[in-house]
Amino acid sequence: MKFVIIGGTGLIGSKVVAGLRERGHEAVAAAPSTGVNTLTGEGLAEVMTGASVVVDLSNSPSFEDGPVLEFFQTSTRNLLAAEAAAGVGHHVALSVVGAEDLPDSGYLRAKVAQHRLIEDSSIPYTIVQATQFFEFVRGIADSATEGDTVRMAPVSFQPIAGEDVARAVGKAALGEPVNGRVEVGGPERFRMDEFFRDALAAWNDPREVVTDPHARYFGTELKERSLVPGDDAPLGEIRYRDWPGRVPAAE
């Protein structure tokens, strides 16, 4: 069975490719570096030949409102058109838990636009919505930094290891299309401000984490459950305290 993994050389994509190959499937890592460009359409027709499932893990190089919307709309339209022409039977896309409920974020508005294109296409689909990756924790802290302080809201936070995200995406790709969304989150739920206070302490980071109910998360204020999946969502296996990247590697 042939799987095409768009963004297959990236953080999640490379893990999905490896997992599918271990199961004996043909998994093609498609990215600009391998001659496949979803924005220009280069290489799409060729890579789709014989494909049963396409997994879209692409991401915009810019998070600015205009460029990120243009990326996801153009890329998704090109991808879906190529899939339809090739007779692909299942489109799997990775997205973000809570995207529909945070309209003040330009990035999440772009993801919602991507959802709509997928839902309106003729191709059976599964959208996997994951919580924030462990690998992005430092970037989230940096985005919330003002001087020597990091402003975080006292809301629920349930991050997940990239490895667990890859497993969830792989499971979706191997399964039947649900023609809907599947959420996945980390195995533990934290209070966001407390989580980052502990994380910075583990990094020996001198910045102070300040609890602020109005702290903005990539441009939007958060509600208590904005960043956590539903209560019946499957959970990852790797706890943050056991994740190797939790503390800086020894030099």
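Of the residues making up the range 187-206, those that are closer than 15 Å to Arg225 by Cα and in contact with a Leu (Cβ under 9 Å, 6 or more places away or on another chain) are Glu188, Met192.
Exactly one residue out of Ala51, Ala29 is touching a Ser or Thr at 6+ places or on another chain (Cβ under 8 Å) and crowded, with 21+ Cβ neighbours inside 10 Å, and it is Ala29. Selection of first residues in the range 216-227 that are of a type in the set (Gly, Ala, Ser) and of second residues that are in a loop (DSSP other than H, G, I, E, B) and surrounded by 15 or more Cβ atoms within 10 Å (Cβ to Cβ), restricted to Cβ pairs under 9 Å at least 6 apart or on distinct chains, gives the following pairs, ordered by first then second residue: Gly219/Leu102; Gly219/Ser105; Ser226/Val97; Ser226/Gly98; Ser226/Leu102; Ser226/Ala153; Ser226/Val155.
The requirement of being of a type in the set (Gly, Ala, Ser), assigned to a loop (DSSP other than H, G, I, E, B) and either surrounded by 21 or more Cβ atoms within 10 Å (Cβ to Cβ) or in contact (Cβ under 8 Å) with a residue 40 or more places away in the chain (or both) is fulfilled nowhere in the range 189-206; no residue meets it.
So that you can scan it fast, the table gives a plain yes or no per residue for (1) over 15 Å from Phe195 (Cα atoms); (2) out of contact with any strand residue (DSSP E or B) (no Cβ under 6 Å at 6 or more places or on another chain); (3) at pLDDT below 95; (4) surrounded by 15 or more Cβ atoms within 10 Å (Cβ to Cβ):
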| position | (1), (2), (3), (4) |
| --- | --- |
| Thr220 | yes, yes, yes, yes |
| Asp231 | yes, yes, yes, no |
| Pro234 | yes, no, no, no |
| Arg246 | no, yes, yes, yes |
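Hey, does the range 31-49 have a residue that's in a strand (DSSP E or B), under 23 Å from Leu108 (Cβ atoms) and at pLDDT 95 or above? No: zero hits. Take Val4 and decide whether it is in contact (Cβ under 8 Å) with a residue 24 or more places away in the chain, assigned to a strand (DSSP E or B) and not hydroxyl-bearing (Ser, Thr, Tyr). So Val4 fits the description; yes. Could you say whether any residue in the range 79-88 is closer than 20 Å to Val184 by Cα, surrounded by 22 or more Cβ atoms within 10 Å (Cβ to Cβ) and either touching a Phe, Trp or Tyr at 6+ places or on another chain (Cβ under 8 Å) or of a type outside the set (Asp, Glu) (or both)? Among the residues of the range 79-88, not one is closer than 20 Å to Val184 by Cα, surrounded by 22 or more Cβ atoms within 10 Å (Cβ to Cβ) and either touching a Phe, Trp or Tyr at 6+ places or on another chain (Cβ under 8 Å) or of a type outside the set (Asp, Glu) (or both), which makes the answer no. Condition check for Phe71 on (1) in a helix (DSSP H, G or I); (2) within 25 Å of Lys171 (Cα to Cα); (3) in contact with a Ser or Thr (Cβ under 6 Å, 6 or more places away or on another chain): one failure, at (2).
The values are calculated or read from the model by the stated rules, or taken from the named source; none is laboratory data. Since the model is a prediction, treat every value here as computed from it, not as a measurement. Every residue, glycine among them, receives a Cβ derived from its backbone with ideal geometry; neighbour counts consider all protein chains shown.
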